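To keep things clear, I will list the structure first and then write my remarks on it.
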Amino acid sequence: MSAASPATPGHAHDAIGASDGDRRRATRSLEALNFFMADMQAGIGPFLGVFLQQRGWQTGPIGTVMTVGGVAGMVMTAPAGAFIDHTQKKRWVVVITGICTVLASFLILWSQSGLVVTASQIATAIAGAAIGPAVAGMTLGVVRQRGFNAQNGRNQAWNHAGNLVGAGLSGWLGWRFGMPAIFFLAAAFGVLAIASVLSIPERAIDHRAARGLEADDAPDHGEGGQAEGLRELLRNRPMGVLALALAFFHLGNGAMLPLYGLAVVGAGKGDAAMFTATTVMVAQAVMILASIAAMKLVSARGYWLVLLISFVALPLRGLIAGTVIEHWGVWPVQALDGIGAGLQSVAVPGLVACLLRGTGRVNVGQGAVMTVQGLGASLSPALGGWLAQLLGYHVAFFVLGGFAIVSVGLWVGFAGLLRPACAGMDGPRGSAG
């Protein structure tokens, strides 16, 4: 499956002068972008809890400010996806949001007041809401539908590698020079991410294909492949089940990493910077392998099984985290995080692109799924933080892990609907009814 397949005949006006060399350069630049934007996006994120804890914050307020930022990002994801569908300036969306993310992180370094930290989290979340659909849209525009699963798998592997390297460097810099050094590393990665996206040839991006409209889709979706109305998106039943299952998964998963770091560091069983870095590095190393495995498993078995495995990983993770609050517990706890998140990072964008192929609403769909998914993720830190403060870390982890049991129930209960829809690129497309 070539990432540099020729443009379809009907798209010359969207990718004028694009050559195979342009597309090869674009795919390499996409991989570099995913590597560097990982630390630009995450940056201080995994370290924020311990950074604020060192400055006198308690777990409840820490979780609350993270939730406020998550809600802001959640509200913006669907509008951001709609904007990405329409704009032909996708590269500049990444540039501008990248700059905003770096500046927002430095606000926290300047002041740790509640108002400043909250404002920073809101700005970071809004910027992040646009980056994801923009990169997914550019990828689809460069490699088209048939190349998307393979290229997205490579993108995600590079993204997790970037998180791994960024976390390792952050941990060392935080231990050697103090936590503020982590902010400067995030800024450096941000500059390199901006350089990477600007190196993508604009002519290599087919903006009609980027929104899910290709020449062979036109007969089924109106003359000239016009975009369908948003009502059709809302009527897509497999999309609804996917979004709901992801919402419950992320309601449990969102707080697990920062809360486990707080639990171990708060118990005096690990250095703040180094242990937090270890939690990220273990998960991201497993995610690299999980992304590659997902890419191959999707081609062989479809999306349904890949997502089922990802949902099952969280209850096991919560059980271990609630039982073992020790320095060595980071290995099984974060390995399971790597399996769940790594499989989803490939399967979810690929499944959405498959379900919405030909509708012209792929990036709106990506944003809509991110919105519902973000609802769970944004509520998770506040829920986990207050559970830990009131009932203790053990109970918090058991409760958080239990939410994914709902995800498993939905995925298995609607298997008859989901299996055909999740068969993959060459299988039956999801019913909209």
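The values are calculated or read from the model by the stated rules, or taken from the named source; none is laboratory data. Bear in mind that the values here come from a model prediction, so they are computed numbers and not experimental data. Note that we place each Cβ from the backbone using ideal geometry, even for glycine, and neighbour counts take in every protein chain shown. SASA here: full protein model, heavy atoms, side chains in, ligands and nucleic acids out. Shrake-Rupley method; radii C 1.70, N 1.55, O 1.52, S 1.80 Å.
Listed by number, the DSSP H helices of the chain that run 20 Å or longer by alpha-carbon position along their axis and have mean Kyte hydropathy of at least 0.5 are 59-86, 90-110, 180-198, 237-253, 272-301, 303-323, 330-355, 362-391, 393-413. Shape class for the stretch 125-182, computed from the alpha carbon gyration tensor (a ≥ b ≥ c): oblate, with a/c not under 1.5 and a/b at or below b/c.
Classify the stretch 84-184: rounded, prolate or oblate, from the alpha-carbon gyration tensor (a ≥ b ≥ c, eigenvalue square roots; a/c under 1.5 rounded; otherwise prolate if a/b is larger than b/c)? Show your work: numbers first, answer last.
Details: a/c = 3.42, a/b = 1.55, b/c = 2.21.
Here the stretch 84-184 falls in the oblate category.
Does the stretch 60-122 classify as rounded, prolate or oblate by the C-alpha gyration tensor (a ≥ b ≥ c root eigenvalues; a/c under 1.5 gives rounded; else a/b over b/c gives prolate, otherwise oblate)? Since a/c reaches 1.5 but b/c is at least a/b, the shape of the stretch 60-122 is classed as oblate. Between Val191 and Trp172, the modelled labels are 1.9 nm apart [label points 7 Å from Cα along Cα→Cβ]. Taking each residue as 0.36 nm, the span from Leu417 to Thr323 lengthens on full extension beyond its C-alpha to C-alpha distance by 30.2 nm. For the chain, the fraction of 1.4 Å probe accessible surface lying on carbon and sulfur atoms is 68 percent. Efficiency by 1/(1 + (r/R0)^6): what FRET value for Trp331 and Arg55, r their Cβ-Cβ distance, R0 = 25 Å, to the nearest 0.05? Step by step, r from the Cβ atoms, then E = 0.30. Across the stretch 136-151, the residues whose backbone nitrogen lies under 15 Å from the label position 7 Å along the beta-carbon direction of Lys296 are 150.
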